[in-house]
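The values are calculated or read from the model by the stated rules, or taken from the named source; none is laboratory data. All values reported here derive from a predicted model rather than from experimental measurement. Note that each Cβ is placed from the backbone with ideal geometry, even for glycine, and that neighbours are counted across all protein chains shown. For the accessible areas, the whole protein counts, side chains as well, though only heavy atoms, and no ligand, DNA or RNA atoms are used. Shrake-Rupley method; radii C 1.70, N 1.55, O 1.52, S 1.80 Å.
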Number of protein chains: 2
Amino acid sequence: MQDSHTSETNQKSIEATIVSGILSAKIRPGTRLGENQLAALFGVSRTRVREAMMRLETRGIVHVSPRRGWFVVEPSAEEAIAVYEARRIVEAGLLRSMRKLTEEGRKALDAHLNEERNAMAAGDRQRLTYLMGDFHIRVAELSGNAIIVDILRDLTARTILISMLYQSEFHAAQSHEGHRRIFEAMQAGDFGRAAALAVEHLDEVEMGLDLTARPDPLSDLRNSLSLPLKAASAVSRQSDLKTTTSKEQ
Amino acid sequence: MQDSHTSETNQKSIEATIVSGILSAKIRPGTRLGENQLAALFGVSRTRVREAMMRLETRGIVHVSPRRGWFVVEPSAEEAIAVYEARRIVEAGLLRSMRKLTEEGRKALDAHLNEERNAMAAGDRQRLTYLMGDFHIRVAELSGNAIIVDILRDLTARTILISMLYQSEFHAAQSHEGHRRIFEAMQAGDFGRAAALAVEHLDEVEMGLDLTARPDPLSDLRNSLSLPLKAASAVSRQSDLKTTTSKEQ
DNA sequence: TGTGGCTATCTTGCATACAAGACAGAAAGC
DNA sequence: GCTTTCTGTCTTGTATGCAAGATAGCCACA
């Protein structure tokens, strides 16, 4: 893929490499990302690694446990629900805002669905995971709105982490069918239906999760004893303005 | 407002202070944010300031001009359009996803609309700018989804920067009326209509912009010649005693 | 065997030092 | 007077050093 880790690596590539690794299900939730390790891997100093980590933290991809290290986030069940909810909101809004599917867009999605089919036939689960997420990013790209694309990319990355934690079986065929139907509605110019189908599709995937399965079997014990380790799931980043009281939890 | 800049300041507060300053229209687009200046203001070293800047950069709030400094973003006309588009997508999706308005929520919005009225009566433009943006954040807060709230907060901050650049007149009454109607639809439980009204409202505000007015009349010339410079018109720094106010651009 | 405490080591947190680019203003040349 | 060049200063870019917390393992001891 990338030309090893020559001195060429600019700082953005650390970020991109990690996100890419998550999107393609090569990096698991909870993976420790040591500053020294990454610095050595990318041939830079800790300073640049830290900058990348800070950026990834604001994107909700990693979190830091003070003096212990950086970890790929392990979304809690509550966070998982919030991510799916956010995706439904954004994706439905996105589809509903569309007015027509360009020929170019039609081709892109069609090609993508073919890739999904091929990966299913080949039984390549890792690639399937990547493709299932990528479909939604491709839809976002059709809007031409970079802001929305970025938002959905990060949400998709989190979604993949969630499925690595809570998804017991992988219903690829079901997801593919969902994508196919969304595409069909878009092709028919019925974006309201496409939006409804997208919501339905995300609901299905969310329903396929076992949110009672704890990522860390001891997490509730830890939490009740307030013994931080892993999971530190406390509120991603709240409020630049009026934090007020809602610390609840 | 905030308890000065005691040694207590943690790094998040740099971020929060700047975003808050933008949301309340106290920081103008293009403002230079020198690392040394901020470090002195907050009583920390440049390291922490840089971390905050990096985070704000990923949030689309500031950008860095290599070896020249950090600046509050000055969205281009194209970016402005993208921001409004993104807001329409997210806010419409959000409203449409709602099922009911709780009594608590109704009270919060009602109180907010009262604040808008008061500020209009008082003619406090800066506060009005803040309130007009805050309405949308409050709506997002009703969803209870922190992800959506964060997204909309950042988009709102950018919106305020955009209006400071391109909005010649401030149609506060019109915006207030838009908010009132959205609230009314929500109260009636008609969230589809609320979403449509929100889109309409954002359209109106966007239409009120003069996107042909360049933030810097020379920017295109500068860009084409890659001659960066920007005098950060007025206000920006208080450190030097140079009295030569830039009388020409 | 089990328990408590100590220490060595590894981690990030943060500040600082220095390098290098960008700019402004003086100086030089015409 | 006008332009060009040079140089000093200011800015960020990056690495590194040191402090301090967290952890694991060892050892003493009951």
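Report the accessible surface area buried between chains A and B, summing both sides, using a 1.4 Å probe on protein heavy atoms only, in Å² rounded to the nearest 100. Walk me through the numbers before you get to the answer.
On the way: alone 13780 and 13960 Å², together 24900 Å².
Looking at A and B, the buried total is near 2800 Å².
Can you give the average number of partner chain beta-carbon atoms within 10 Å of each beta-carbon in peptide B:58-68, as a whole number? Don't jump to the answer; show the numbers that get you there.
Working: counts 9, 5, 3, 1, 0, 0, 0, 0, 0, 0, 0.
Mean partner shielding for this stretch: 2.
Over the stretch B:82-166, with every protein chain in place, what whole percent of the accessible area is carbon and sulfur at 1.4 Å, could you tell me?
Numbers: 1450 of 3130 Å².
Accessible surface attributable to carbon and sulfur in the stretch B:82-166 totals 46 percent.
Could you pull the accessible area for B:Ser163 with a 1.4 Å probe, rounded to 10 Å²?
Probe radius 1.4 Å; accessible area of B:Ser163 about 20 Å².
Using a label position 7 Å from Cα in the Cα→Cβ direction, what is the ascending list of nm distances from B:Ala40 to the same site in the other copies?
Its label point is 4.2 nm from the equivalent points in the other copies.
How much accessible surface area, in Å² rounded to 10, belongs to the heavy atoms of B:Ser20 with a 1.4 Å probe?
30
Ordered by residue, what ³J(HN,Hα) values in Hz, to whole numbers, does the stretch B:126-132 give under the Karplus form 6.51 cos²θ - 1.76 cosθ + 1.60, where θ = phi - 60° and Gly and Pro are x?
Once θ is set to phi - 60°, the couplings for the stretch B:126-132 become 4, 5, 4, 4, 4, 5, 4 Hz.
With every protein chain present, what is the per residue accessible area of the stretch B:77-207 (1.4 Å probe, Å²)?
Values: 5330 Å² over 131 residues.
Dividing the accessible area of the stretch B:77-207 by its residue count gives 41 Å².
What shape does the stretch A:1-117 take by its C-alpha gyration tensor, where a ≥ b ≥ c are the square roots of the eigenvalues and a/c under 1.5 counts as rounded, a/b above b/c as prolate, and the rest as oblate?
Working: a/c = 2.53, a/b = 1.54, b/c = 1.65.
Judged from the Cα gyration tensor, the stretch A:1-117 comes out oblate (a/c at least 1.5, b/c at or above a/b).
Please report the relative contact order for the stretch A:77-207, taking Cα pairs under 8 Å with a sequence separation of at least 6, and give it as a percent rounded to a whole number.
Numbers: 113 pairs, mean separation 54.4, N = 131.
Result for the stretch A:77-207 is 42 percent.
Name the residues of the stretch B:140-157 whose accessible area, probed at 1.4 Å, falls by at least 30 Å² once all protein chains are in place instead of their chain on its own?
B:Asn145, B:Ile147, B:Ile148, B:Asp150, B:Ile151, B:Arg153
Provide A:Thr47, B:Thr156, A:Thr129 ordered by accessible surface of protein heavy atoms (probe 1.4 Å), highest first.
Numbers: A:Thr47 85, B:Thr156 0, A:Thr129 25 Å².
Final ranking, largest accessible area leading: A:Thr47, A:Thr129, B:Thr156.
Quick one: which residues, 5+ away or cross-chain, put their amide H under 5 Å from the amide H of A:Asp124? H built at 1.01 Å from N.
Answer set, sorted by chain and number: none.
Accessible area per residue for the stretch A:11-72 in Å², computed with a 1.4 Å probe and the full protein assembly in place, what is it?
Per residue, the stretch A:11-72 has an accessible area of 44 Å².
Points 7 angstrom from Cα along the Cβ direction at B:His63 and A:Ser168: gap in nanometres?
5.0
What are the residues whose amide H is under 5 Å from the amide H of A:Val62, where those residues sit 5 or more places off or on another chain and H is modelled from the backbone?
A:Glu57, A:Val73
For peptide B:81-93, how many partner chain Cβ atoms fall within 10 Å of a residue's Cβ, on average?
Values: counts 1, 6, 2, 0, 7, 12, 2, 4, 16, 8, 2, 6, 14.
Taking the mean over all residues of the peptide, I get 6.
For Cα pairs less than 8 Å apart in space and 6+ apart in sequence, what is the mean separation divided by the residue count of the stretch A:11-72, i.e. the relative contact order in percent? Don't jump to the answer; show the numbers that get you there.
Values: 60 pairs, mean separation 24.7, N = 62.
Relative contact order for the stretch A:11-72 comes out at 40 percent.
Considering only the label points, 7 Å along Cα→Cβ from Cα, what distances in nm to one decimal separate A:Asp150 from the same position in each other copy, shortest first?
Counterpart label points of A:Asp150 in the remaining copies fall at 1.4 nm.
At 7 Å along the Cα-to-beta-carbon direction for both A:Arg125 and B:Gln126, put a label point, then send me their distance in nm to one decimal.
Result: 5.9 nm between the two label points.
Shielding by partners for B:14-25, please: the mean number of other protein chain Cβ atoms within 10 Å of each residue's Cβ. Kindly include the intermediate steps, with their values, before the conclusion.
Numbers: counts 0, 3, 6, 1, 1, 3, 4, 1, 1, 2, 1, 0.
Taking the mean over all residues of the peptide, I get 2.
Quick query: amide H of A:Gly34 versus all other amide H atoms, modeled in the peptide plane; which residues come in under 5 Å with a sequence gap of 5 or more or a different chain?
none
Under a Cβ-only charge scheme (Lys and Arg +1, Asp and Glu -1), can you give me the dipole magnitude of the stretch A:11-72 about the Cα centre, in debye to the nearest 20? Each step should come with its number before you reach the end.
Values: 11 positive and 4 negative charges, 22 e Å.
For this selection, approximately 100 debye.
Placing the label point 7 Å from Cα along the Cα-to-Cβ direction, what are the distances from B:Arg106 to the equivalent spots in the other copies, shortest first, in nm to one decimal?
4.8
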